[in-house]
1. Please work out whether the stretch 196-346 counts as rounded, prolate or oblate from its C-alpha gyration tensor, where a ≥ b ≥ c are the square roots of the eigenvalues and a/c under 1.5 means rounded, while otherwise a/b larger than b/c means prolate and anything else oblate?
2. Explain nothing, just the number: relative contact order of the stretch 276-326, from Cα pairs under 8 Å at least 6 residues apart, as a whole percent.
3. In whole percent, what relative contact order does the stretch 259-344 give with Cα contacts below 8 Å and a gap of six or more residues?
4. Grab every C-alpha pair in the stretch 293-350, bin the distances at 10 angstrom width from 0 up to the longest one, and report whole percents.
5. Given the protein chains as shown and a 1.4 Å probe, how many square angstrom of Glu286 are accessible, to the nearest 10?
6. Just round it to a whole percent: the fraction of Cα-Cα distances in the stretch 104-182 exceeding 14 Å.
7. Hey, can you grab everything whose amide H is under 5 Å from the amide H of Ala210? Only 5+ residues off in sequence or another chain; H modelled, so Pro and N-termini drop out.
8. Leaving ligands, DNA and RNA out of it, rank Phe36, Phe185 by accessible area with a 1.4 Å probe, largest first.
Amino acid sequence: MKLNKQDILNALKTITVPGEGQNMVDSGAVTNVVTFADEVIVDLTIKNPSLQARKKAEVEILQTIHREVYEKAKIKVNIKVEAPAAAPKQTNEIKGKPIPGISNIVAVASGKGGVGKSTVTANLAVTLAKMGFKVGVLDADIYGPSIPIMFDVASERPLSVNVDGKSKMKPIENYGVKVLSIGFFTKPDQAVIWRGPMASKALNQMIFDAAWGELDFLLLDLPPGTGDIHLSIMQALPITGAVIVSTPQNVALADAKKGVAMFQQDSINVPVLGIIENMAYFTPAELPENKYYIFGKEGAKHLAEDLEVPFLGEVPLVQSIREAGDVGRPAALQTATPIEEAFEALTKSVVEQVVYRNEALPETEAIKITTMAGCSAVKKK
């Protein structure tokens, strides 16, 4: 079938520009339409720089042309983002710097403790390593570091190495993943009783005084909540994106929503790569086909839809995942198992979102705090 350019334009007039309320054609967002036989190329320029706006526009164009013009049309959408000009820089900015050699920094966060964030981080890391990526994990949970246990390196201590004439910490490596944690510098029964500035200083040392080398991904295992440690990390580093972990339970979802809001706050503006639902359902080993929704069903998935952020996938509540974490061998290393498949699917989703984010948006800058108050609670628009 030969497509007609005017038919395509008429169809696109039924779609509004994300965040503007005017149709794509009359607003000038559609800059060009080219048709050739059953193929069509649509060039679109939007002002909203978010991943969600870009993805929503692309999906709506595909669906509308298939529905209104020709269901088998071969469509390519080229989206260009022309974000409003940035405001002039202000004084007294606190700005971090990228770590040479590290391509992507992904924060793994949760608004609430006990949702399995460290378990997800460890399994994402080993799965990325299995895929051939160079991976590091920074355990930023100063007050409750658990990554050393999950990587079976709790008794290890980082060595000092010389890099370009400077003394640096050499991360501990296991399963192809480089790891640093405050847990390497404290005794197992020692509580870390530090105020915010001391914790922030320790984190900065592990970030910038470490010989990370070349990494494709540095995963940050953040503590629960939305407080001082999170701000310190985001001031120190330009984070590529954030992943939010939650269980399906309403109590956890309420806090996960705050975690998403923190990263989306104007003064922070870190792209949210998506939400992971941990402990999605219980499957007994003897009944692998059965699913028992102990904490609720698809709560994190619905939250992702409500907040218009990607849903990255779900992890079942399986006894061997807990056992594997306790003995220091992440469950994703169990070959040819449903657990390995679940974490592989989850990791692929994270990688896809990172690639999509890097193509769609400019590099993230470390956040700038321009007042003594820093970031305060705000209502999400």
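The values are calculated or read from the model by the stated rules, or taken from the named source; none is laboratory data. Computed from a predicted model, the values in this text were never measured in an experiment. FYI the Cβ positions are ideal-geometry reconstructions off the backbone, even for glycines, and counts take in every protein chain you see. Each accessible area value is taken on the protein alone, full model and side chains, heavy atoms only, with ligands, DNA and RNA left out. Shrake-Rupley method; radii C 1.70, N 1.55, O 1.52, S 1.80 Å.
1. Values: a/c = 2.18, a/b = 1.42, b/c = 1.54.
Oblate is the answer for the stretch 196-346, as a/c is 1.5 or above yet b/c matches or exceeds a/b.
2. Working: 63 pairs, mean separation 24.7, N = 51.
It rounds to 48 percent for the stretch 276-326.
3. Numbers: 108 pairs, mean separation 22.5, N = 86.
Relative contact order of the stretch 259-344: 26 percent.
4. Calculated P(r), rounded to whole percents: 21, 44, 30, 5.
5. For Glu286, solvent-accessible area is about 140 Å².
6. Numbers: 1983 of 3081 pairs.
Here the tail beyond 14 Å accounts for 64 percent of pairs.
7. When sequence neighbours closer than 5 places are left aside, the close amide H contacts are Met169.
8. Details: Phe36 150, Phe185 100 Å².
These residues rank, largest area first, as Phe36, Phe185.
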